[in-house]
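> Have a look at this one.
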Amino acid sequence: MNLIWIAPPAAGKGTYCSMFKDKYGFNHISAGDVLREEVKNESEIGKEIASIMAKGEMVNDQLMKRLIEKKLTTLDLSTAFMLDGYPRKLNQAEDYEEILGKLGLNVDKVIFINISKEIGLKRVLGRRTCPNCKRGYNILTGLNPKIEGICDNCGSALESRSDDTEESYSTRYDVYINETKAVIEKYRSEGKLIEINGEGAPEEIFKELEKLLGVNNG
Ligand SMILES: [Zn+2]
């Protein structure tokens, strides 16, 4: 089985990817991580990417395609895998299907975790973390510490570590939704889209996803 994740920023995609990885051993391919990895390893393709980024340009679709293809050929594809951060646009989806086709595969399911911008903003702007024990809080979604600004667990002062402002989150959200809209519609019309409301409790959403994917056999 292979999955594509589509989720606006702060939808909780990272959490669900980790849950599927930990519980079922799914391979997780993050397009952003793959890109950084190649640059760091100074591979041939990594050097090309570095020179494009040094010029302040975007990594083009052709390069993304080569990158994802290279990554997939290093994996044992008999293990389920999930891709996140790619494809984000219709032509990238076509590129990706071409890659899969060469490997004798098709896109199986596309998971769209839908959250409103309002909820995403609350999650991002309300996030507080304990620098000592790493416990997370959120002062805008009801996960407040008992004493304001102080970790319940260890008494350290909580930190706000989000780089996002309301404006930057709003822009990132809009760009993401606009970019991925065509991909979502494509897979919806092909009957491959699993759309889930991402505003509930993560454990419940994970259970729902397990059910929809038919992976939990007891
Ligand atoms: Zn703490």
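> Kirkwood hydrodynamic radius of the chain from all distinct Cα pairs, in Å?
19.0 Å
> Residues of segment 160-201 with the amide nitrogen closer than 16 Å to a label point 7 Å from the Cα of ASN138, along Cα-to-Cβ, please.
So the set is 160-166, 169-170, 173, 197-201.
> Still on this model: Compute the angle between helix 202-213 and the longest alpha-carbon principal axis of the chain, please, reported from 0 to 90 degrees and rounded to the nearest 10.
30 degrees
> Strictly greater than 20 Å: what percent of every Cα pair in segment 140-218 meets that?
When all Cα pairs of segment 140-218 are counted, 63 percent exceed 20 Å.
> Further, regarding this structure: Kindly provide log₁₀ I(q)/I(0) values, in the same order as q = 0.17, 0.18 Å⁻¹, from the Debye equation applied to equal alpha-carbon scatterers of segment 71-142.
-0.79, -0.81
> Right, something else. Extension gain ALA201-ARG188, at 0.36 nm per residue separation less the Cα-Cα distance, in nm?
2.2 nm
> Could you give the dipole magnitude of segment 1-115 about its Cα centre, charging the beta-carbon of Lys and Arg +1 and that of Asp and Glu -1, in debye to the nearest 20?
So the magnitude is around 260 debye.
> On a full-extension model of 0.36 nm per residue, what is the gain between ASN106 and ILE177, subtracting their alpha-carbon distance, rounded to one decimal in nm?
23.2 nm
> Cα convex hull of segment 1-87: how many Å³ per residue?
For segment 1-87, the hull spanned by Cα atoms encloses 106 Å³ per residue.
> Using a 10 angstrom cutoff on alpha carbons, build the Gaussian network for the chain and name the most mobile of GLY142, GLY32, GLY120.
Most flexible of the set in this elastic network: GLY142.
> With a 10 Å radius around each residue's Cβ, average the other Cβ atoms per peptide and rank 53-59, 68-74, highest first.
68-74, 53-59
> Restricting everything to alpha-carbon atoms, can you work out Rg to Rh for segment 135-185 with a Kirkwood hydrodynamic radius?
Here the Rg-to-Rh quotient is 1.21.
> Also: Check cross-link reach from LYS40 to the lysines: straight Cα distance under 28 Å, and skip same-chain residues fewer than eight apart.
Leaving aside lysines fewer than 8 places away in the same chain, those within reach of LYS40 are LYS13, LYS21, LYS55, LYS65, LYS70, LYS71, LYS89, LYS102, LYS134.
> In nm, to one decimal, how far is the modelled label at TYR24 from the one at SER78, with both set 7 Å along Cα→Cβ?
Rounded to a tenth, the inter-label distance reads 1.9 nm.
> Cα centroids of segment 87-154 and segment 56-82: how far apart, whole angstrom?
21 Å
Throughout, read-outs are computed from the coordinates displayed, never taken from laboratory work. Because the structure is predicted, anything quoted here is derived from the model rather than measured. No Cβ is skipped: glycine too gets one built from the backbone with ideal geometry, and neighbour counts run over all protein chains shown.
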